[in-house]
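Q: Here it is, the structure in full.
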Amino acid sequence: MPPQFHGVDGKPAHESASMKGASFSRSAIALLVSCAVALFALSVLLHAYDNTPTATGGKYKPNTYSPSAIGHAGLYDLLRRLARPVSRSAGNTLAAVGARGTLIVAEPDLGMIYSADTMKLLTAPRLLVVLPKWRGLRDPAHPNWINEAQPLPLNDVQAAVSLVTSSATVFRKEWPKDWNANELGIEPTGSGTIQLMRSTQMRPIIGDGDGMLVGELITPNRRDRKVWVVTDPDILSNAGLGQGRNAELMVAIIDTLRSANNNDKSAHIVFDETIHGFRAAEGSPIKLMFRFPFVIITLLSCATAAVLAYAATGRFGAPRIPPRDLDFGKRGLISNGARLLDYAGHQARGLKRYVRMTIRSVAHTLHAPPNLDEVALVAWLDGIGNARGVSTSCAAILHATDDFDAGKPQNLTRLFETAQNIHRWKREILNGTSARRRHR
């Protein structure tokens, strides 16, 4: 029969168990289900009315949603306040541009410049490309701001200008004092380092003797198409738009590029935001639930609901009585350990170890000579015992334990008598017999 583990009160664990927990009432289940349905309906409604595109790049990067120093939200708002037909696109951009619109591709993300969608954008009839220059580090205190701007390597900027022409070379220098080419008649304002380019396939709209700030791609076979490149985004960023006449300059650049359609309200100015990772919100929230990666959340939610339903089915009716926790005190551990040894039949082996452990403990207390084997040590202890009048022989007790066979059933009475004898011998040899204690 297997051993029974005891609880704190001394009774078997299955008998000393107490009632824990309580069942879920039907009203509580109905309330939880109602709350879940209400939250789901609210999330669907909020998503249905939220048409803001989602982005992987964040609003601290250069885009028209960004209020950071390197963002373009200021330029977009300026055009809107001047009643220009301006819009953003986060999908199907060429359809939004149409045959007479103007597309602005401002500082494309380097990870997206060679995508198929970006290459299609270059076929727009009127195209303004703004080269990237800065990498913004997000400000932890303000998620949509930056606390530092680092210049991009020129190789990355060169990759962006190669979308328009392969003959251009980008370089940086100190901000020039004079511009020997300026068809717009509005001088850009800035300080520090400026980013310019040289190209045999582009003619300067604004430039100095070293390079171009604004250039037009020469396309002899496509006179109906215009492609302009702004090499330094500092003149249109939120930080630089308010300096000098930069705001006036940017409006002039866009109006000149679309000059044939300035009075056409259907010829939109479209900022493409797919190059910054923005994607238009899905029209149907139900369809969104079954598209990757949101389908993973849908599957996890269904699995959670199934597990909850399965767990709840067993909680109706009378509450279950869980088993009592085990007593991990010294008495409980000793008792349970003894029962395990008894059930496994290790009584004789345990007694032999107990006898030899007791002998070593007494020898250590009496400072027995070192390096004695077991026979010599027992003889030395018996000599001490005879001198002190001990009635029990250590050798006799050790010989009695050697007679027990560990692999066969034992007489428990003999085992307990031997254990009592070794305990009595230890007490008498260390503390004296009862007669000697009375004499003292």
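Q: Which condition from (1) modelled with pLDDT of 80 or more; (2) more than 37 Å from the chain's Cα centre (by Cα); (3) among the charged types (D, E, K, R) is the one that ARG223 breaks?
A: Against the list (1) modelled with pLDDT of 80 or more; (2) more than 37 Å from the chain's Cα centre (by Cα); (3) among the charged types (D, E, K, R), ARG223 comes up short only on (1).
Q: Turning to a different aspect of this structure: Which residue is most open to solvent (accessible area, probe 1.4 Å), if the candidates are limited to the stretch 73-130 and must be at pLDDT 90 or above and polar (S, T, N, Q)?
A: Checking each candidate, the answer is SER87.
Q: To continue, here is another question. Conditions first: (1) farther than 14 Å from THR165 by Cβ; (2) out of contact with any Asp or Glu (no Cβ under 8 Å at 6 or more places or on another chain). ASN180 passes all but one, so which condition is the exception?
A: Unmet for ASN180, out of (1) farther than 14 Å from THR165 by Cβ; (2) out of contact with any Asp or Glu (no Cβ under 8 Å at 6 or more places or on another chain): (2).
Q: Can LEU372 be described as out of contact with any Lys or Arg (no Cβ under 7 Å at 6 or more places or on another chain) and either in a helix (DSSP H, G or I) or modelled with pLDDT under 80 (or both)?
A: It is false that LEU372 is out of contact with any Lys or Arg (no Cβ under 7 Å at 6 or more places or on another chain) and either in a helix (DSSP H, G or I) or modelled with pLDDT under 80 (or both).
Q: Another question, if that's okay. Tell me which residues, restricted to the stretch 355-369, are part of a helix (DSSP H, G or I) and surrounded by 15 or more Cβ atoms within 10 Å (Cβ to Cβ).
A: Scanning the stretch 355-369 gives VAL355, THR358, ILE359, VAL362, ALA363.
Q: Give all pairs with beta carbons closer than 9 Å in which a residue from the stretch 60-86 that is outside any loop (DSSP other than H, G, I, E, B) meets a residue that is open to solvent by 20 Å² or more (accessible area, probe 1.4 Å) and of a type in the set (Phe, Trp, Tyr); count only pairs at least 6 apart in sequence or on separate chains.
A: ALA73/TYR65; TYR76/TYR65; VAL86/TYR76
Q: Since VAL378 meets every condition but one in (1) in a helix (DSSP H, G or I); (2) open to solvent by 40 Å² or more (accessible area, probe 1.4 Å); (3) not aromatic (Phe, Trp, Tyr), which condition does it not meet?
A: Single failed check for VAL378: (2).
Q: I've got another one for you. Would the stretch 158-170 turn up any residue that is in contact with a Lys or Arg (Cβ under 8 Å, 6 or more places away or on another chain), open to solvent by 20 Å² or more (accessible area, probe 1.4 Å), under 29 Å from THR123 (Cα atoms) and of a type outside the set (S, T, N, Q)?
A: Within the stretch 158-170, none of the residues are in contact with a Lys or Arg (Cβ under 8 Å, 6 or more places away or on another chain), open to solvent by 20 Å² or more (accessible area, probe 1.4 Å), under 29 Å from THR123 (Cα atoms) and of a type outside the set (S, T, N, Q).
Q: Also: Residue by residue through the stretch 245-267, note down the ones that are within 45 Å of the chain's Cα centre (by Cα) and open to solvent by 10 Å² or more (accessible area, probe 1.4 Å).
A: ALA247, VAL251
Q: Moving on. I'd like to verify a number: residues in the stretch 268-279 that are surrounded by fewer than 20 Cβ atoms within 10 Å (Cβ to Cβ) and assigned to a loop (DSSP other than H, G, I, E, B), how many?
A: 1
Q: Is the stretch 135-151 home to any residue that is open to solvent by less than 10 Å² (accessible area, probe 1.4 Å) and within 35 Å of the chain's Cα centre (by Cα)?
A: No: zero hits.
So that you can scan it fast, the table gives a plain yes or no per residue for (1) in a strand (DSSP E or B); (2) open to solvent by less than 50 Å² (accessible area, probe 1.4 Å); (3) closer than 22 Å to ARG81 by Cα; (4) in contact with a Ser or Thr (Cβ under 6 Å, 6 or more places away or on another chain):
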site: PRO176; (1), (2), (3), (4): no, yes, no, no
site: GLN195; (1), (2), (3), (4): yes, yes, no, yes
site: GLU216; (1), (2), (3), (4): yes, yes, no, no
site: ASP234; (1), (2), (3), (4): no, yes, yes, no
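Q: Any residue in the stretch 176-201 that's within 22 Å of PRO151 (Cα to Cα): show its pairings with residues that are among the acidic types (Asp, Glu) and not in a loop (DSSP other than H, G, I, E, B) at Cβ separation under 6 Å, as long as the two are six or more apart or on different chains.
A: These pairs meet every condition: GLY190/ASP234.
The values are calculated or read from the model by the stated rules, or taken from the named source; none is laboratory data. Remember, it's a predicted structure, so these values are computed and weren't measured experimentally. Note: ideal-geometry Cβ built from the backbone for every residue, glycine included; neighbour counts use all protein chains shown. When the accessible area is computed, the model is the full protein with side chains, heavy atoms only, and any ligands, DNA or RNA have been set aside. Shrake-Rupley method; radii C 1.70, N 1.55, O 1.52, S 1.80 Å.
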